[in-house]
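Please read through the structure below; I'll follow up with questions.
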Amino acid sequence: QLQLAESGGGLVQPGGSLRLSCAASGFTLDSYAIGWFRQAPGKEREGISCFKISHGRTNYADSVKGRFTISRDNAKNTVFLQMNNLKPEDTAVYYCAADRKVICNTGSFYVEDYNYWGQGTQVTVSP
């Protein structure tokens, strides 16, 4: 069974940092694009980044560019989202997603492009 599992969310003050993990099982992430999405209460799910490991491509939404960074540990079949200088508007449930056909060559990210999803992890940024 192909699965993704996010972890690392929590409560942090504005300006703080968190690192989210996305662990894959049942497939190797290097043959997929990995997207990060978030969904705040009452809002639609928003794509914030895309990482195509085999192509060496990374894209970020303008809202997080310069603050969030994707990395990977291929030995653990895991990707990470390092989130720095967090703001209250970053509060959301964060999801990782994967798809074989996404190539991460634009700064636009769409829920409908991804076939595999994790369960989400809550990030709350509040004083």
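The values are calculated or read from the model by the stated rules, or taken from the named source; none is laboratory data. What you see is a predicted model, and the numbers here were worked out from it, not measured in a lab. Counting neighbours? That spans all protein chains shown, and the Cβs are built from the backbone with ideal geometry, glycine included. Remember, those area values only see protein heavy atoms, side chains included, never the ligands or the DNA or RNA. Shrake-Rupley method; radii C 1.70, N 1.55, O 1.52, S 1.80 Å.
Using a cut-off of under 13 Å, list every residue of segment 96-122 whose amide N is near the label point 7 Å from the Cα of residue 27 along the Cα-to-beta-carbon line.
97-103, 113-118
What are the residues whose amide H is under 5 Å from the amide H of residue 10, where those residues sit 5 or more places off or on another chain and H is modelled from the backbone?
123, 124
Oh, and also: For the chain, with all protein chains present and a 1.4 Å probe, just round the carbon and sulfur fraction of the accessible area to a whole percent. Let's see the in-between values first.
Working: 2900 of 6530 Å².
Looking at the chain in its full context, I get 44 percent from C and S.
What is the Cα centroid distance between segment 14-60 and segment 66-121, reported in whole angstrom?
Segment 14-60 and segment 66-121 have Cα centres spaced 1 Å from each other.
Let me ask you something else. Considering the zone a paramagnetic label at residue 11 would reach in this model (a point 7 Å from Cα along the Cα-to-Cβ line), which residues of segment 85-127 have amide N under 18 Å from it?
Residues 86-94, 121-127 qualify, since their backbone N sits under 18 Å from the label point.
Moving on to the next point. Would you mind getting the accessible area per residue of segment 12-123, heavy atoms of the protein chains only, 1.4 Å probe, in Å²? Walk me through the intermediate numbers first.
Numbers: 5580 Å² over 112 residues.
Computed with neighbouring chains in place, this is 50 Å² per residue.
I'd like the FRET efficiency for residue 19 and residue 101, computed as 1/(1 + (r/R0)^6) with the beta carbon distance as r and R0 of 25 Å, rounded to 0.05.
Working: r = 28 Å, r/R0 = 1.11.
So the FRET efficiency works out to roughly 0.35.
Cross-link partners among aspartates and glutamates for residue 76, C-alpha distance below 12 Å, same-chain residues fewer than 8 apart left out?
Within the straight-line limit of under 12 Å, residue 76 reaches these aspartates and glutamates: 30.
So how do 56-62, 32-38 stack up, highest first, on mean other-Cβ count within 10 Å?
Numbers: 56-62: 15.0, 32-38: 26.1.
So the order, starting with the most tightly packed, is 32-38, 56-62.
Residue by residue through segment 16-33, which ³J(HN,Hα) values in whole Hz follow from phi under the Karplus form 6.51 cos²θ - 1.76 cosθ + 1.60 (θ = phi - 60°), with glycine and proline marked x?
Each residue's phi maps through the Karplus curve to give x, 9, 9, 10, 8, 10, 10, 9, 9, 9, x, 7, 9, 5, 5, 9, 10, 8 Hz.
Under 21 Å between alpha carbons, and skipping anything fewer than 8 positions from residue 87 in its own chain: which lysines qualify?
Straight-distance partners of residue 87: 43, 65.
If you don't mind, there's one more thing I want to ask. May I ask you to derive the relative contact order of the chain, considering only C-alpha pairs under 8 Å and at least 6 residues apart, and to give it as an integer percent?
On the way: 331 pairs, mean separation 46.2, N = 127.
Relative contact order, the chain: 36 percent.
Rg/Rh for segment 67-127: what does it come to with C-alpha atoms and Rh from Kirkwood?
Details: Rg = 13.2 Å, Rh = 13.5 Å.
Rg divided by Rh gives 0.98.
Per q in 0.23 Å⁻¹, report the Debye log10 I(q)/I(0) for the chain, using one uniform scatterer on each alpha carbon and no solvent.
Those come out to -1.46, one per q.
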